[in-house]
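Q: First the structure, then my questions, so here it is.
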Amino acid sequence: MKIAVCVKQVPEGAARRLDPATKRLDRSGEGALNPFDAHAVEEALQIRDAAGEGEVVVLSMGPQKALDSLRKALAMGADRAVLVSDDALAGSDLVATSGVLAKALEREQADLVLLGQQGSDSDGAVLGASLADRLRLPMFSQAAELTVEGGSIRGKRQTEFGYDVIEAPLPAIVAVSDAINEPRYPSLKGIMGAKKKPQETLSLADLEVESGAAGEEGSKTEVSTLGDPPPRGDSRKIEDDGSAAQQIVDFLAEKRLL
Amino acid sequence: MATLVFLEHHDDELQKGSLGVLSKAASLGDDVTGVVLGSGVAPLASGAGKFGASRVLVVDDPALEAPLPQPRVDALAQIVRDRGFDTVLFAGSVLAADTAAGLAARLDAGLNWDLTDLAREDGRLVGKRPALEDSVYADVGWRGEPRLALFRSGAFDPSETGGEAEVEEVSVSFEDFSQAAKMLEQAHEERSGPSIEDAEVIVAGGRGLGGPENFKLCEELAEALGGAVAATRAVVDAGWYPYAAQVGQTGRSVSPKLYVACGISGAIQHKVGMQSSNVVVAINKDPNAPIFEFSDLGVVGDLHEIVPKLTELVLARKGS
């Protein structure tokens, strides 16, 4: 069984900012594997290992240094990495990104495509459904449990109302919830071994995607202005010295909530 | 402008979030059509009129019985193409996000998500999008039509400013791949007590409570404040509290006047469900808990000591 996992490199902690000139996320600083995607990698490894055979391919789109995040996934235990990287990709929105990644996934012909539930930078929980529509594959999201059996995948989907049980024939696409597992930490041996695993970088030309279909040109959304958040009012933080309960009551009274 | 609003329903009720988006769209002065997709859902449609829909389209088809996104993409794509809607709006939910994203790919249309507001500025539609933990507010727009937008849960309250809606049944066809995923068991809401969505005061508990028995601290405080009790995904998963009380991305979205968070770290999954609360008070022993970033009053301390005292003081005040 071949499992493809779509992962993303996200700017880390303090490096998170929007570039005022391009109004895009500044990706020049330190990057890390999107923490939500680590759950998808972990799930793929567990499915492969339970089956005792198969291949886990991790796939990303991003600048060349997104290879670092792919290597983290390789160090966790994935078998092979593919990075789609091209200057013409900068500024891609959902329509453009899903178009390019769908082409890359078509090359792989995986039995199962897994994604994390969302990007920690964009807060979008949208890529899986877009890819499924482009690839004409069944999909579901927010999977908190998965089992693969006899050519189909069954999952528990967590929604606003409780748990649904959904089954789809393979090949299928599933976005997993971060409640599905605890991602492993790469071992030292894993980290050393990752360097030797196959890593491929593809350009838009390799995927036969025209540059007009990607990047800002291929995008259908735009950011027009960036502003400061509205002030949150007088946000206060106190340390309990025994009077915290009274201070909360005073605060609620002041806000006319009592 | 011709705006279509996706009206999500569950257990024979149109969802509050969808009706809020409908009210918002109507307030912009456009001709707003609602769309209800499901099986046996026709009776729900007329209820959308008073929230601002002038017309409600209904697709009543067994293929739409389960709340799965892909058949909904088929239905919406045909409706948008055939009737020339230029704007399609969704209230955020697990189903709506997948449906909107599938539709974006199908129609090659721009989708902006996590919006907290929508405005018309100089004749253009502009979405308001807080980003990077709400540290930046972006104005976002669309290039071309249709424009798709997914709003943050609880972004708008429904308001009954409309009248009668004309209801029209529409039939659509479905793709094979869209019907391949099957719902084997569908979750139905376990209702226990008043819905947290309607509560003006919510006292929520997380892992910091230490154990299920300590939920009584939240319950006592909630009772004193005349509110309801909510819980994080972590403690619902651990079996400490029922699913119906879960607030978060996979759970309910609430916007009470007061939200008291007890022993909740403030993970993004929880935050999205409660960030529209008016006033947030957080009690947590970890001074670095992310919840303090979006609290009006943050209290670093032991909730096991503070909460019972707080309950007593509230009761004493109310009794006086």
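Q: Examine region A:173-187 for a residue that is within 30 Å of residue A:66 (Cα to Cα), over 24 Å from the mean Cα position of the chain (by Cα) and modelled with pLDDT under 95, and state whether such a residue exists. Working first, answer last.
A: From region A:173-187, those within 30 Å of residue A:66 (Cα to Cα) are A:173-187; that's our starting set.
If we keep only those that are over 24 Å from the mean Cα position of the chain (by Cα) as well, we get none.
No - not one qualifying residue is present in region A:173-187.
Q: Any chance region A:237-250 includes a residue that's at the interface with chain B (Cβ under 7 Å from one of its Cβ atoms), without any contact (Cβ under 8 Å) to a residue 24 or more places away in the chain and part of a loop (DSSP other than H, G, I, E, B)? If you could, list the steps in order and put the result at the bottom.
A: Start the filter on region A:237-250 by keeping residues that are at the interface with chain B (Cβ under 7 Å from one of its Cβ atoms), which leaves A:237-240, A:244-246, A:248-249.
Retained after the next criterion (residues that are without any contact (Cβ under 8 Å) to a residue 24 or more places away in the chain): A:237-240, A:244-246, A:248-249.
Filter once more, keeping what is part of a loop (DSSP other than H, G, I, E, B): A:240.
Yes, region A:237-250 has at least one match.
Q: Across region A:19-65, what is the total count of residues that are over 19 Å from the mean Cα position of the chain (by Cα), in contact (Cβ under 8 Å) with a residue 40 or more places away in the chain and closer than 24 Å to residue B:135 by Cβ?
A: Qualifying residue count, region A:19-65: 3.
Q: Do we have residue A:121 as in a helix (DSSP H, G or I), among the acidic types (Asp, Glu) and either open to solvent by less than 10 Å² (accessible area, probe 1.4 Å) or under 23 Å from residue B:148 (Cα atoms) (or both) here? Walk me through how you get there before you give the answer.
A: Values: in a helix (DSSP H, G or I): no; among the acidic types (Asp, Glu): yes; either open to solvent by less than 10 Å² (accessible area, probe 1.4 Å) or under 23 Å from residue B:148 (Cα atoms) (or both): yes.
Considered against the rule, which asks whether it is in a helix (DSSP H, G or I), among the acidic types (Asp, Glu) and either open to solvent by less than 10 Å² (accessible area, probe 1.4 Å) or under 23 Å from residue B:148 (Cα atoms) (or both), residue A:121 comes out as no.
Q: Turning to a different aspect of this structure: One residue is enough: does region B:101-109 have a residue meeting the conditions free of Cβ contacts under 8 Å to residues at least 24 places away in the same chain and away from every other protein chain (no Cβ under 14 Å)?
A: Taking every residue of region B:101-109 in turn, none turns out to be free of Cβ contacts under 8 Å to residues at least 24 places away in the same chain and away from every other protein chain (no Cβ under 14 Å).
Q: Let me ask something else. Which pairs turn up if I take residues in region A:198-212 that are over 16 Å from residue A:65 (Cα atoms) and look for partners that are of a type in the set (S, T, N, Q) and open to solvent by 30 Å² or more (accessible area, probe 1.4 Å) with beta carbon separation below 7 Å, at least 6 apart in sequence or on another chain?
A: Pairs found: A:204/A:211.
Q: Let me ask something additional. Can you tell me how many residues within region B:115-154 are farther than 21 Å from residue B:255 by Cα, more than 7 Å from chain A (Cβ to nearest Cβ) and small (Gly, Ala, Ser)?
A: Number of matching residues: 2.
Q: Name, by its number, the condition in (1) in contact with a strand residue (DSSP E or B) (Cβ under 8 Å, 6 or more places away or on another chain); (2) farther than 27 Å from residue A:223 by Cβ; (3) without any contact (Cβ under 8 Å) to a residue 40 or more places away in the chain that does not hold for residue B:114.
A: (2)
Q: Name, by its number, the condition in (1) part of a helix (DSSP H, G or I); (2) touching a residue at least 60 places away in the same chain (Cβ under 8 Å); (3) away from every other protein chain (no Cβ under 12 Å) that does not hold for residue A:106.
A: (2)
Q: Something else now. Which residue pairs have Cβ atoms under 6 Å apart, sit 6 or more places apart or on different chains, and have a first residue in region B:296-312 that is at negative phi and facing chain A (nearest Cβ under 7 Å) and a second that is surrounded by 17 or more Cβ atoms within 10 Å (Cβ to Cβ) and part of a strand (DSSP E or B)?
A: B:296/B:279; B:296/B:280; B:297/B:281; B:298/B:282; B:299/B:283; B:306/B:283
Q: Additional query: Out of (1) open to solvent by less than 30 Å² (accessible area, probe 1.4 Å); (2) more than 7 Å from chain A (Cβ to nearest Cβ), what's the single condition that is false for residue B:112?
A: Every condition holds for residue B:112 apart from (2).
Q: Of the residues that sit in region A:169-207 and are assigned to a strand (DSSP E or B) and in contact with a Gly (Cβ under 8 Å, 6 or more places away or on another chain), which one is surrounded by the fewest Cβ atoms within 10 Å (Cβ to Cβ)?
A: A:169
Q: Which condition number in (1) open to solvent by less than 10 Å² (accessible area, probe 1.4 Å); (2) free of Cβ contacts under 8 Å to residues at least 24 places away in the same chain; (3) more than 9 Å from chain A (Cβ to nearest Cβ) is the one that residue B:271 fails?
A: (1)
Q: Any chance you could count how many residues in region B:63-76 are facing chain A (nearest Cβ under 9 Å) and either surrounded by fewer than 22 Cβ atoms within 10 Å (Cβ to Cβ) or not in a helix (DSSP H, G or I) (or both)? Give the steps one after another, and end with the answer.
A: First pass over region B:63-76, keeping only residues facing chain A (nearest Cβ under 9 Å): B:66-70, B:73.
When the remaining residues are screened for being either surrounded by fewer than 22 Cβ atoms within 10 Å (Cβ to Cβ) or not in a helix (DSSP H, G or I) (or both), the result is B:66-68.
Here the count works out to 3.
Q: Test of understanding: among A:41, A:57, which residue is outside any helix (DSSP H, G or I), touching a strand residue (DSSP E or B) at 6+ places or on another chain (Cβ under 7 Å) and buried (at least 16 other Cβ atoms within 10 Å of the Cβ)? Even if it seems obvious, please write down each step before you answer.
A: Values: A:41 fails: outside any helix (DSSP H, G or I).
Being outside any helix (DSSP H, G or I), touching a strand residue (DSSP E or B) at 6+ places or on another chain (Cβ under 7 Å) and buried (at least 16 other Cβ atoms within 10 Å of the Cβ) holds for just one of A:41, A:57, which is A:57.
Q: Can you tell me which residue among B:152, B:143 is more than 13 Å from residue B:88 (Cα to Cα), touching a residue at least 24 places away in the same chain (Cβ under 8 Å) and buried (at least 19 other Cβ atoms within 10 Å of the Cβ)?
A: Numbers: B:143 fails: buried (at least 19 other Cβ atoms within 10 Å of the Cβ).
The match here is B:152.
Q: Quick check: anything in region A:147-156 under 25 Å from residue B:270 (Cα atoms) and outside any helix (DSSP H, G or I)?
A: Initially, region A:147-156 is screened for residues under 25 Å from residue B:270 (Cα atoms), giving A:155-156.
Subsequent filtering for residues that are outside any helix (DSSP H, G or I) retains A:155-156.
For region A:147-156, residues under 25 Å from residue B:270 (Cα atoms) and outside any helix (DSSP H, G or I): present.
Per-residue answers, yes or no, for (1) closer than 25 Å to residue B:116 by Cα; (2) open to solvent by 20 Å² or more (accessible area, probe 1.4 Å); (3) at pLDDT 95 or above; (4) in a helix (DSSP H, G or I):
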site: B:18; (1), (2), (3), (4): yes, no, yes, yes
site: B:22; (1), (2), (3), (4): yes, no, yes, yes
site: B:25; (1), (2), (3), (4): yes, no, yes, yes
site: B:29; (1), (2), (3), (4): yes, yes, no, no
site: B:32; (1), (2), (3), (4): yes, no, yes, no
site: B:37; (1), (2), (3), (4): yes, no, yes, no
site: B:43; (1), (2), (3), (4): no, yes, no, yes
site: B:46; (1), (2), (3), (4): no, yes, no, yes
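Q: Show me the strands (runs of 3 or more DSSP E) found entirely inside region B:155-252 where at least 1 residues are surrounded by 19 or more Cβ atoms within 10 Å (Cβ to Cβ) and away from chain A (no Cβ under 14 Å). If you could, list the steps in order and put the result at the bottom.
A: Working: elements: B:166-169, B:182-185, B:201-205, B:228-231.
Answer list for region B:155-252: B:166-169, B:201-205, B:228-231.
Q: Also, quick follow-up: From the list A:72, A:23, exactly one residue is on the phi > 0 side of the Ramachandran plot and either at pLDDT below 95 or not in a strand (DSSP E or B) (or both). Which is it? Let's see the steps before the verdict.
A: Values: A:72 fails: on the phi > 0 side of the Ramachandran plot.
Answer to the check: A:23.
Q: Which of the residues belonging to region B:8-34 are of a type outside the set (Gly, Ala, Ser), within 17 Å of the chain's Cα centre (by Cα) and over 17 Å from residue A:159 (Cβ atoms)?
A: Of everything in region B:8-34, those that are of a type outside the set (Gly, Ala, Ser), within 17 Å of the chain's Cα centre (by Cα) and over 17 Å from residue A:159 (Cβ atoms) turn out to be B:19, B:21, B:22, B:24.
Q: Would you tally the residues in region A:208-235 being in contact with a strand residue (DSSP E or B) (Cβ under 8 Å, 6 or more places away or on another chain), at pLDDT 95 or above and in a loop (DSSP other than H, G, I, E, B)?
A: Within region A:208-235, residues that are in contact with a strand residue (DSSP E or B) (Cβ under 8 Å, 6 or more places away or on another chain), at pLDDT 95 or above and in a loop (DSSP other than H, G, I, E, B) number 2.
The values are calculated or read from the model by the stated rules, or taken from the named source; none is laboratory data. Fair warning: this is a prediction, and the values are worked out from it, not measured in the lab. All Cβ positions, glycine included, derive from the backbone under ideal geometry; neighbour counts span all protein chains shown. In case anyone asks, the SASA skips ligands and DNA or RNA and just uses the protein heavy atoms, side chains included. Shrake-Rupley method; radii C 1.70, N 1.55, O 1.52, S 1.80 Å.
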